[in-house]
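The values are calculated or read from the model by the stated rules, or taken from the named source; none is laboratory data. Worth saying up front: this structure is predicted, and the values here are computed from it rather than measured. Cβ sites come from the backbone with ideal geometry, for glycine too, and all protein chains shown count toward neighbours. Remember, those area values only see protein heavy atoms, side chains included, never the ligands or the DNA or RNA. Shrake-Rupley method; radii C 1.70, N 1.55, O 1.52, S 1.80 Å.
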Amino acid sequence: TFREIKNSFSRWIAILAICALGVGFFTGLKTCKEDFLLTGSQFLSKTHFYDFQLVSTLGLEQEDVESVRQVSGVENAVGSYSQDVLFSLNGSNAGDKVAHTHALLENINTPDLQAGNLPDKPNQCVGDARYFTEDDIGKTIVLSASNDSDTLDMFAYTKYELVGICESPLYLNFERGSTSLGDGSVSTYFYIPSKGYNSDVYTEIYVAMDNPGTIYSDEYQAAADKLEQPLTDVLEICADRRYDDVLAEAQDKVSDGEKKLDDAKAELADAQKKITDGEKEITDGE
């Protein structure tokens, strides 16, 4: 054995190094897995990351939030707003970028502040620490006039002061997602206080489970599976209720419009009668 090693020592060293590298790499992965999961769990716990996101095309109301909170296994449920928007920094002419905006909530999806401070006014915001820098703090986020009216109507202001930069549990990788605006790519995100939006209904409800266990664990998956169907059921009830409300509101508007039309027709008929009577009096006078 030693003779074979001596005659091909360089090959033996290469094979030994490859084996050692493989064993070391595998051992490192096995050892680091638990540390990775613990780090992720601590960050998501610190920032109160949501477990379920409930969305309805017609929007959701505070009444729906209260209904979700009554579901067994739900620790917290919060109505929120979000909207993609074209913006520029200080009205720059460098071209509009797309940002995904989120409502700044308490005790759920809270940003991890890196510099500056969190907004204390509705026309302030805190932005993505991977896109903005500390030098950008104090600058103004200007919503582009290129946005359609429905998008701009979602916001209470067209300008927001950037008062801080943060990390968000909603964005754990470098990608910021896709959108139907601009070139289809989201460049960044920022958080706006709920009062910085101008909407009568929530765009989503975030739900946190009660004692869900550690992420990626069998306990967590079992808790999520158990809660999924009850949340689906209550969301369908909320969506149907919201649909009935919207339909009733539309029917009321139609009824009001029809009444106004009937009144206008009656006024037109009275005016026509007066004109006819006036023409008749003129003819009789001649």
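Over all distinct Cα-Cα pairs of the stretch 202-252, the Kirkwood formula returns a hydrodynamic radius of 13.2 Å. Solvent-accessible area per residue in the stretch 1-152 equals 61 Å², computed with a 1.4 angstrom probe and all protein chains kept.
A simple packing score, the average count of other Cβ atoms within 10 Å per residue, orders the peptides 142-150, 44-52 as 44-52, 142-150, with the highest score first.
In the neighborhood of residue 238, defined by Cβ-to-Cβ distances under 9 Å, what is the net charge if each Lys or Arg adds +1 and each Asp or Glu adds -1? Residues near residue 238 contribute -3 overall. If R0 equals 51 Å, the separation of the Cβ atoms of residue 270 and residue 75 corresponds to a calculated FRET efficiency of about 0.20.
Share of the stretch 85-126's accessible area from carbon and sulfur, percent, 1.4 Å? Roughly 40 percent of what the probe reaches on the stretch 85-126 is carbon or sulfur.
Multiplying the residue separation of residue 6 and residue 256 by 0.36 nm and subtracting their alpha-carbon distance yields 80.0 nm. Taken along the Cα-to-beta-carbon direction at a fixed 7 Å, the label points for residue 210 and residue 92 span 4.8 nm.
Just checking the listed ones, 224, 239, 250: in the Gaussian network model of the chain with Cα springs under 10 Å, the one fluctuating most is 250. Protein heavy-atom surface of the stretch 178-262, 1.4 angstrom probe: 48% of the accessible area is carbon and sulfur, with nucleic acids and ligands not counted.
Using the average count of surrounding beta-carbon atoms within 10 Å as a protection proxy, the listed peptides 209-222, 159-172 rank, highest first, as 159-172, 209-222.
Extending 7 Å from Cα along the Cβ direction at residue 140 and again at residue 18 yields two label points whose distance is 6.4 nm. Just checking the listed ones, 42, 272, 70: in the Gaussian network model of the chain with Cα springs under 10 Å, the one fluctuating most is 272.
Here's the picture: charge each Lys and Arg Cβ at +1 and each Asp and Glu Cβ at -1 in the chain, and of 168, 48, 14 the one pushed furthest to the positive end of that dipole is 14.
With each label modelled as a point 7 angstrom along the Cα→C-beta vector, the residue 25-residue 237 pair spans 5.4 nm. When the pairs 6/30; 97/121; 46/195; 46/226 are compared against a 28 Å limit on Cα-Cα distance, 6/30 fall above it. In terms of packing, defined here as the mean over residues of other Cβ atoms within 10 angstrom, the peptides 133-139, 101-107, 61-67 line up highest first as 101-107, 61-67, 133-139. Just to verify a number: FRET efficiency for residue 63 and residue 36, C-beta to C-beta distance, R0 = 51 Å, to 0.05? Computed FRET efficiency for residue 63 and residue 36: 0.80. Whole-percent P(r), the stretch 177-286, all Cα pairs, 5 Å bins from 0: 2, 8, 7, 8, 9, 11, 12, 7, 6, 5, 5, 4, 4, 4, 3, 2, 2, 1, 1, 0, 0. For the stretch 75-130, the Kirkwood estimate of the hydrodynamic radius, built from every pair of different alpha carbons, is 13.4 Å. Here Cα extents along the principal axes in Å was calculated from the structure, and among (i) 141, 51, 39; (ii) 66, 39, 35; (iii) 63, 49, 36 it sits at label (i).
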